[in-house]
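FYI, it's all coordinate maths here, none of it is from the lab. What you see is a predicted model, and the numbers here were worked out from it, not measured in a lab. Here the Cβ is made from the backbone with ideal geometry for all residues, glycine too, and neighbour counts use every protein chain on show.
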Amino acid sequence: MPEDTSKREVWIYHINTSGCNGCDIELLASILEKYDSRPFDIKVANYPEEAEVVMITGHINWNNMNAVKEEMNKTPKHRKIMALGNCGISGGVFKGSYNEAGPIDKLEEVDMYIPGCPVKPEAILNALSELVDPENSFKLREPKLSENYRGEHNHYQEKCIYCGECARSCPSNAIKVDREKKEWAVDLGKCLFCGRCEEVCPTDAISFSNNFDMYKKEREALWSKGKNNESK
Ligand code: SF4
Ligand code: SF4
Ligand code: SF4
């Protein structure tokens, strides 16, 4: 078979700023041949000067902040930045630690936020497609997810009594509940997808959807009112 030369090459440069490696493994999975049906070829750049897209995983701390800045200063001006995983987006599991210097967008303007702990390869690829391909011609179909996969939350308004127990129990302070206004929202950029909120809800008003495709160009857009506002 002759080599398909029509594929556009996308050069990514990966910076790991001290995450747990969970997101790095998912990034590696996203560039494996399993996804070779995509219309672009992902090439991993050895040097920041070659970067078309910089993918940052992990947590910015006082020890690595200057190194990250130095690397970023070497990248071309037109490169895009993707923040992969909640360590970089909000601090994630490191939020509030003594050496927290992030999030990433305190250092550099981010073009795409992909929440998760870890991120999903399919979300990385779909977000990359939206970023580099104006026609967004590459959209992966739903991946095969495990039975207990936790994607974006469902929140069932009709069941919610706005007691606030989910917010009080959340280890990452990701949920906001306004009892007066009857409003509920979760910051997907902070969520650890631990499932605690679902467990503690006395009325079964929270569950987890299969929506893996969580990515946004604006940080504020990661606030979600829940995927499903109808009754179960
Ligand atoms: S977001 Fe979660 S999985 Fe990703 S590097 Fe941080 S702790 Fe690890
Ligand atoms: S714990 Fe359940 S009922 Fe209470 S505010 Fe949260 S979602 Fe609503
Ligand atoms: S799954 Fe629920 S409790 Fe756990 S971090 Fe996310 S919002 Fe908080």
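Listed values, structure above:
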quantity	calculated
Rounded tilt (10° steps) of 121-132 against the dominant C-alpha axis of the chain	60
Cα-based helix-to-principal-axis angle, 65-74 vs the chain, degrees rounded to 10	40
Relative exposure of MET72, MET65, MET82, judged by other C-beta atoms within 10 Å (fewest first)	MET65, MET72, MET82
Cβ-based exposure ranking for LEU188, LEU32, LEU125, in which fewest neighbours within 10 Å come first	LEU32, LEU125, LEU188
Unpartnered cysteines - no second Cys beta carbon under 4.7 Å - across the chain	CYS20, CYS23, CYS87, CYS117, CYS160, CYS163, CYS170, CYS191, CYS194, CYS201
For region 36-113: span of alpha carbons on each principal axis (Å, largest first)	42, 27, 19
Net length gained if the chain between LYS69 and ARG168 were fully extended (0.36 nm per residue, minus Cα distance)	32.0 nm
Choice from GLU218, GLU180, GLU130 with maximal GNM fluctuation in the chain (Cα, 10 Å cutoff)	GLU180
Residues with amide H under 5 Å from that of TYR13, placed H, sequence gap 5 or more	ALA45, GLU52, VAL53, VAL54, MET55
Order of SER90, SER224 - criterion: other Cβ atoms within 10 Å of each residue's Cβ, fewest first	SER224, SER90
Extended-chain gain in nm, criterion 0.36 nm per residue less alpha-carbon gap, ASN99 and LYS217	39.8 nm
Fraction of beta bridges assigned by DSSP in the chain that are antiparallel (%, nearest 5)	40
Choice from CYS170, CYS191, CYS117 with maximal GNM fluctuation in the chain (Cα, 10 Å cutoff)	CYS170
HN-Hα J in Hz across region 8-15 - Karplus 6.51, -1.76, 1.60, θ = phi - 60°, x for Gly and Pro	7, 8, 10, 8, 10, 10, 9, 10
Linear extension gain, LYS225 paired with GLU180, 0.36 nm per residue minus alpha-carbon span	14.6 nm
Cα centroid separation - region 171-214 against region 71-138, whole Å	22
Whole-number Å³ per residue for the convex hull built on Cα positions in the chain	138
At R0 = 22 Å, FRET efficiency that the Cβ-Cβ distance of ASP133 and GLU109 yields, to 0.05	0.60
At R0 = 35 Å, FRET efficiency that the Cβ-Cβ distance of TRP62 and GLU158 yields, to 0.05	0.15
